[in-house]
Amino acid sequence: MTTPYLRVRNVTKRFGHFTALDDVSIDIHRGEFVCFLGPSGCGKTTLLRAISGLDIQTHGAVEQDGRDISALPPAQRDFGIVFQSYALFQNLTVAANIAYGLENRKRPKAEIQRRVTELLELIGLPESGPKYPGQLSGGQQQRVALARALAVSPGLLLLDEPLSALDAKVRAHLRDEIKILQRRLGITTIMITHDQEEAISMADRIVVMRGGRIEQIGAPLEIYHRPANLFVAEFIGAMNLLPATRIGYGEIQLGSARLACAAEGYAPGAAVRAAVRPEDIVCTGKTNGHANSLRAEVREMEFMGPFFWLSLGGGELGEHRLRAQLPSQRARDLDLRANDATHLHIPAERIRLFPHGVGHG
Amino acid sequence: MAELALAAPRIRPRLGRDEWLMGGGLLVLALYLAVTLLLPLALMLAKSAQDRDGAFVGLANFARYFGNPALSGTVGNSLWVSALATAITIALAFGYAYALNRSRIPFKGLFRLVAMLPLLAPSLLPAIALVYLFGNQGVLKGWLFGESIYGPIGIVIGSVFWTFPHALILISTALGTADARLYEASESLGASRWRTFTTVTLSGARYGLISALFVVFTLIITDFGVPKVVGGPFNMLATDIYKQVVGQQNFQMGAVVSLLLLLPAVLAFFVERWAQQRQISSLSSRAVPYQPKPRRSRDRLALVLVVTVAVMILGVFGMAAFASLAKLWPYDLSPSLRHYDFSATDGGSWASYGNSIRLGLYTAAFGSLVVFIGAYLVEKTRVAKPLRTATHLLALIPMAVPGMVLGLAYIFFFNAPGNPLNFLYGTMAMLVLATIAHFYTVGHLTALTALKQLDPEFESVSAALKAPFYRTFWRVTTPLCLPAVLDIALYFFINAMTTVSAVVFLYSPDTTLASVAVLNMDDAGDTAPAAAMAMLIVVTCAGVRLLHVGLSRELLNRTQVWRRR
């Protein structure tokens, strides 16, 4: 394994008595795209500002490319940054904005000109050089901000909620573009976001944070399918969390149903929370061809286009409520309607257990 | 792990070139404000507890002041006259602002313009006009039923005139930000007009009213021009300082009165800041602007009020202009420019006018430079937080310091033997320093507001791009804030032209000023030339104001292309 490009070690940031970052450590490799994900106030912005030197941490070290940059002012570090607000210089043209960092390095004029043209092509705005930022749309402005940050070829790209100010369609489009651009340039990138969908679709690895601490670090698939704790399980994607009891070997009791699942680490009789994603619940209608099944009634059906949201209860579920995603096509095949009774199959490997009542907050 | 983090040494951020330069700049600014503001004031505080020989006497000066009814009676005079004038000003300004914001009268722009005119004149001008209108040879003398204009009546009328626009701006801002939804709610709940007025209108404008109340009271009680000209034998605190210092050379007693004058000003300062914050927070961004519907009775009443006030304002200016142009009031009223030839008079000359122009230009240039760079450093320096806060507080002090007090403090400080800055005493440079210090706060707050409207991350981006802060300051921040900088320069210029209070203690024979000349000529009985000089100031200020409008427009067209979509 190569040495990490960026090492964050035991970083703590205190504002008076408030601890915004509590002993955070992460290693980020060259060329990696990492997302800091968490609700507001989780410390993701504080961590980014510590890495950039804009607000230096109170304790702990930051190393970039083998150099200890812990105490350096931002001007002596090597990074480019893009903010949610774009922070474009409104009185300068798009070209002048992109050239801003280059001019400062005293490069020859022709070279600057060439690089600006190149970057304008790269962000797909070849004609916009002489325009002013105010004449561009939000998405275009954010691309210019990206080009300005990339112009000086920084070793590290920091994106501070770059898509949050844009409308949904532009956001999805720019999301892909940034990802493609990042892969192409191979630049080590950290992006802050509170939008889990954004993090899952863009990142190589996600750092889930809460209350100034790291809850889990992992690839999107890993975070989604094997959440380390209840917080991550609830925060990422939709999740059913049902109280259950561990009974016999590798089995839990949920309502009056018995379901097989991996139950290591829990004593028989222990109260647990069973976590199941809505899309992992398979509706089989009147037929019951699977081992890991239970019976329930459809309480509500909400049509979402490609799928239905089902709200299930009664039957073997008893008082418990389960939300399931049923593909529209399958609903048609089963001819399922509200108040129908149905069999539900939950694959054993799709049930994860968490200690009861821990991790809420 | 937690123990390990606790045991780890605290990171000491290293300072780069930007941090050193900005921190250093901030320190220079703090020192500048300390020298031009804090030290003089501190010295004055000390003087009030000393006798003529400089020995410490504790509160003996205060005891003597309050033991002498001839002196302490002034406190009562000042209080009731200021209170009365404030009440009238606020009532008129509220009516005027209400008419401008909440009725459908025609020519609102014109009326607003007329109401702002007194800002362009020294407070001496209305006083002189009053003398012509109601003085011993006044055209409207009979209107006073035998009462004399010299005294409380004159002071009240004159004060109302020149503080009117100050009150109008504050109240108009408060009334201008009405939320139409509240009116609709009140109407649909069946509230009477009067109830809507008291529960919605008045309550929405209450912070603006409180703010205006204190600001106007302070302006009047600390004003020197009006009571000097029409006060006659009636003493006010500000004229008392002048008499003690200029008349009797009793600097210690002057310091005592100054401290008394400082009290209402400091109180007003805190109330004003409190009210400002409340006013801002009560305004939600989702408010729907209120559009007054036509209502005949209200609109007619509003028009009568506005026209009456506007006619009075124009009448005062017209009277002053007429008096300055009449050959020999009241015997020969044929027009002549002889009063504008100041060579025959004592206490004023075209040279004073030239000096005032120079003072205005220097103050505008250096003042806006210092204020804007200073506000930038206070707002944007990433290091030295305590120094930033301290500098900001220093910049707010002038708002609470009456001009007379500052002027006297400058005498104590710059005239002190052994002060290495003594060479400045009596020079134009000191007048510039005093005027910048006197009007620092409004400029500082204007600059801060403009800076806060910029994206707070400009500096972060610029640091990431390795651009030194001064490059971004010059290429981005300053161009974006240029309209505000021009406003600050204009504010400095007009105030430098019209102020009397601070500079009246500080000018020397080489640096006489137009505004002080108005005072001295009036004092010497040359009332017509005094009116002429006052009109010169008004015309100059109006000209510069027009220039400012043109310049701002030109600037928008030329360098602010980016504003256009």
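Does segment B:73-126 classify as rounded, prolate or oblate by the C-alpha gyration tensor (a ≥ b ≥ c root eigenvalues; a/c under 1.5 gives rounded; else a/b over b/c gives prolate, otherwise oblate)?
Here segment B:73-126 falls in the oblate category.
For A:Lys131, list long-range residues whose amide hydrogen, built 1.01 Å from N in the peptide plane, is under 5 Å from its own amide hydrogen.
Result for A:Lys131 returns A:Val94, A:Ala95.
Can you compute the equivalent ellipsoid semi-axes for segment B:87-177, i.e. the square root of 5 times each eigenvalue of the Cα gyration tensor, sorted largest first and rounded to whole Å?
Those come to 28, 13, 12 Å.
Once the Cα atoms of helix A:138-150 and of chain A are each reduced to a long axis, what angle between those two axes, in degrees from 0 to 90 to the nearest 10, is obtained?
60
If you project the alpha carbons of segment A:265-305 onto the principal axes, what extent comes out on each, in Å, largest first?
Over segment A:265-305, Cα extents along the principal axes are 41, 25, 17 Å.
Report the Cα-based extents of the protein assembly as shown along its three principal axes, largest first, to the nearest Å.
Computed over the Cα atoms, the extents are 119, 68, 62 Å.
Over the Cα atoms of segment B:415-503, what radius of gyration and what Dmax do you get, in Å?
Final numbers for Rg and Dmax: 17.8, 52 Å.
Please turn the phi angles of segment B:522-528 into ³J(HN,Hα) values with the Karplus equation 6.51 cos²θ - 1.76 cosθ + 1.60 (θ = phi - 60°), one per residue in order, whole Hz, x for glycine and proline.
Coupling constants for segment B:522-528: 4, 4, 7, x, 7, 5, 5 Hz.
Using θ = phi - 60° and the Karplus relation 6.51 cos²θ - 1.76 cosθ + 1.60, list the HN-Hα couplings for segment A:82-87 in order, rounded to whole Hz, with x at every Gly or Pro.
10, 9, 4, 7, 6, 6
Choose one of A:Ser25, A:Phe15, A:Leu47: the residue whose Cα lies farthest towards the positive end of the charge dipole of segment A:1-97 (beta-carbon charges +1 Lys, Arg; -1 Asp, Glu; about the Cα centre).
Checked the options; the winner is A:Phe15.
Return the calculated 222 nm mean residue ellipticity for chain B, to the nearest 500 deg cm²/dmol, obtained by summing -39500 (n - 2.57) across DSSP H runs with n ≥ 4 and dividing by the residue count.
Using -39500 (n - 2.57) per qualifying helix, the result is -21500 deg cm²/dmol.
Restricting the calculation to Cα positions, tell me the Rg (one decimal) and the Dmax (whole number) of segment B:259-397 in Å.
Every Cα atom of segment B:259-397 included, Rg and Dmax give 24.8, 70 Å.
Using only Cα atoms, find the angle between the long axis of helix A:109-122 and the longest principal axis of chain A, and express it within 0 to 90 degrees, rounded to the nearest 10.
On a 0 to 90 degree scale, this one is about 20.
Based on DSSP H runs of at least 4 residues, each adding -39500 (n - 2.57), what is the mean residue ellipticity at 222 nm of chain A after dividing by all its residues, to the nearest 500 deg cm²/dmol?
Taking each H run of at least 4 residues, the total per residue is -7500 deg cm²/dmol.
Could you run the Karplus curve 6.51 cos²θ - 1.76 cosθ + 1.60 with θ = phi - 60° over segment B:398-403 and give me ³J(HN,Hα) per residue in whole Hz, x for Gly and Pro?
Couplings: x, 4, 9, 10, x, x Hz.
P(r) for segment A:53-157: what percent of alpha-carbon pairs falls in each 10 Å bin, starting at zero?
The calculated distribution, bin by bin, is 15, 42, 27, 14, 2.
Which percent, to the nearest 5, of DSSP beta bridges fully inside the protein assembly as shown are antiparallel?
If I count the DSSP bridges inside the protein assembly as shown, around 75 percent turn out antiparallel.
Which entries of A:Lys44/B:Lys466; A:Lys13/B:Lys385; B:Lys47/B:Lys243; A:Lys106/A:Lys131; A:Lys44/B:Lys385 show an alpha-carbon separation above 20 angstrom in the structure shown?
A:Lys44/B:Lys466; A:Lys106/A:Lys131; A:Lys44/B:Lys385
Please report, in whole Å, how far the alpha carbons of chain B spread along each principal axis, starting with the longest.
Rounded to whole Å, the extents work out to 93, 72, 51 Å.
Percent of Cα-Cα pairs per 5 Å bin, from 0 to the last occupied bin, for segment B:65-218, please list those.
1, 9, 14, 16, 16, 14, 11, 8, 5, 4, 2, 1, 0
On a 0 to 90 degree scale, rounded to 10, what angle separates helix A:94-104 from the longest Cα axis of chain A?
Helix A:94-104 sits roughly 70 degrees off the main axis of chain A.
Please give the per residue volume of the convex hull enclosing the alpha carbon atoms of segment B:171-285, rounded to a whole number of Å³.
122
Please give me, ordered by residue number, the chymotrypsin sites (Phe, Trp or Tyr not before Pro) of segment B:63-107 that lie in loop per DSSP and have at most 14 other Cβ atoms within 10 Å.
When the chymotrypsin sites (Phe, Trp or Tyr not before Pro) of segment B:63-107 are filtered for loop state and at most 14 Cβ neighbours within 10 Å, B:Phe107 remain.
List the aspartates and glutamates whose Cα sits under 12 Å from the Cα of B:Lys452, skipping any in the same chain fewer than 8 residues away.
Hits, sequence-local ones excluded: B:Glu379.
We did not get these values from a lab; they are worked out from the coordinates using the rules stated. Quantities reported herein were computed from a predicted structural model and do not represent experimental measurements. No Cβ is skipped: glycine too gets one built from the backbone with ideal geometry, and neighbour counts run over all protein chains shown.
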